Amino acid sequence: MPEPRRRDAAATREALLGAARDLISRHGVEGTSTRDIATAAGVNQTLVYRYFGSKEKLITEAIDNSGTTGEKIIAETPLDELPRALLEHILDASAARRTNSYSALLSSTNDDTLRELVRGKLEKAFTVGLAARLAGPDAALRAELVIALLSGIALLRDKLGTKAISAAGREEIAAHVERMCAPLLRG
């Protein structure tokens, strides 16, 4: 009799998180079941509950764990280099990675539950992180404007495929982004 296959708990958790991000970005929270997530991850539905306890906890963790590279860039990059670094991050991400990333979740905020989770993540990870590095009373607003600009570029280029942004070279976009962001970062 063959031995039962051992499960790799870390790999299973990551597969469930990735499947949740992908499905939620395409179908919203209400349009995604735990069965759908488990099937996409190639595991039994009971493992969703074993590893996360509930669909809500799985979704919360999936969103909490997305966007960490952007957070690191915001925390560690000198302010004058930040717009280009974030833009490079957006442009370098492959289409497959973007599907399982924060930008994919941002574009699917027509679901109230997901909108609240994404808003909380955005404020905690990006707005607060960047605003803490900026001087002046309107630092949070300026931080959100920088993130809005970069998120908009990702949306127009990757989701909508607009002609000008899709056709523009990396350096051309970066030069414009740096000029637009400089006054926001200086205050």
**Message:** Taking the condition of being under 11 Å from L91 (Cβ atoms) and either touching a His at 6+ places or on another chain (Cβ under 7 Å) or aliphatic (A, V, I, L, M) (or both), how many residues in the stretch 145-181 meet it?
**Reply:** 8
**Item:** From A174, A154, A167, residue being in the same structural domain as I74 (by TED's automatic domain parsing) and more than 22 Å from K72 (Cβ to Cβ)
**Value:** A167
**Request:** With the checklist (1) at pLDDT below 95; (2) of a type outside the set (K, R); (3) surrounded by 16 or more Cβ atoms within 10 Å (Cβ to Cβ) in hand, flag the one item C181 doesn't pass.
**Result:** (1)
**Asked** How many residues, within the stretch 121-136, are among the charged types (D, E, K, R) and under 12 Å from the mean Cα position of the chain (by Cα)?
**Response** 1
**Prompt:** Among the listed residues R84, R98, which satisfies the condition of being surrounded by 14 or more Cβ atoms within 10 Å (Cβ to Cβ), at pLDDT below 90, part of a helix (DSSP H, G or I) and basic (K, R)?
**Reply:** R98
**Item:** Pair list, Cβ < 8 Å and 6+ apart or interchain, from the stretch 129-154 residues that are at positive phi to residues that are of a type outside the set (V, I, T)
**Value:** G136/R142; G136/G187
**Message:** Out of the residues in the stretch 139-170 meeting the condition of being among the charged types (D, E, K, R) and modelled with pLDDT of 95 or more, tell me which one is surrounded by the fewest Cβ atoms within 10 Å (Cβ to Cβ).
**Reply:** K163
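The values are calculated or read from the model by the stated rules, or taken from the named source; none is laboratory data. Computed from a predicted structure; not experimentally measured. Counting neighbours? That spans all protein chains shown, and the Cβs are built from the backbone with ideal geometry, glycine included.
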